[in-house]
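Contents: one structure, followed by commentary.
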Amino acid sequence: MTASLRLEALVKQAKLQGSMTIDQLLSAMGRTSIAFTILILSLPALTPIPGPFGMVFGSCLAIVSFQIMFGNRRIWLPSILGRRHLSAKVIEIFVRYTAPLVRKLEYILQPRRMKPLTGRIGHALSGIPVFILAVAVALPIPFGNFLPVAALVLIALGLMERDGLALLAGMLVGIIAISVSGGLVAGAVAALGWAISP
């Protein structure tokens, strides 16, 4: 089943239950699939819903990234994060806003292209950019989440379909995203310094 179809199934399940915890989201998407975990934790940061979604899901991604680096096959989250509830309405909104991006990227994927890059070593090494991008997602930068999330989605789909080129593209977009986020943070710090200087 493709990622976009799993997202649609997730909405149906959320509506039946009324709400879902982050742990339940991961289980529904396939907790043993690192790629689906990256995908489901990165997408909510794109959703225009009030609340600290970037900080919460960015923190989850940072924790997951270390498990990826150490080769864990099953994802674990601290209960303070894993037990956080999301209403069915919130899940429906974030899927509605993000599924079109996922579907567009699915069209360009080619399974097993440059497959060695998505092997066990490539899988583990992908945890490094995931961690850096997770930090960028967690930062409260206005309009600063799109590029980091796009990079994470490309990395997730590349791992999912074993498409090494998509994985490389995700890392390239990630480098651009980190550069842009760094520039925004530096600009904000400079502006703050100028504002409070006598």
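Bear in mind these aren't lab numbers, they're just calculated from the coordinates by the rules spelled out. Computed from a prediction, not measured in an experiment: that's the story for all the values here. Every residue, glycine as well, gets a Cβ built from its backbone with ideal geometry; the counts of neighbours run over all protein chains shown.
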Whose amide H sits under 5 Å from the amide H of S19, counting only residues 5 or more places off or on another chain, with H placed in the peptide plane?
-> A88
Quickly work out the I121-to-L81 label distance, labels modelled 7 Å from Cα along the C-beta direction, and quote it in nm with one decimal.
-> 2.8 nm
Which residue, A166, A150, A28, tops the fluctuation ranking in a GNM of the chain built on C-alpha contacts under 10 Å?
-> A28
Ordered by fewest other Cβ atoms within 10 Å, a rough proxy for footprinting exposure, T98, T21, T2 read T2, T21, T98
By its C-alpha gyration tensor, with a ≥ b ≥ c as the square roots of the eigenvalues, how is the chain shaped: rounded for a/c under 1.5, else prolate for a/b larger than b/c, else oblate?
-> oblate
Net charge of neighbours whose Cβ lies under 15 Å from the Cβ of L43, counting Lys and Arg as +1 and Asp and Glu as -1 | +1
Okay, helix-only estimate at 222 nm for the chain: each DSSP H run of n ≥ 4 adds -39500 (n - 2.57), divide by all residues, round to 500 deg cm²/dmol; what do you get?
-> -23000 deg cm²/dmol
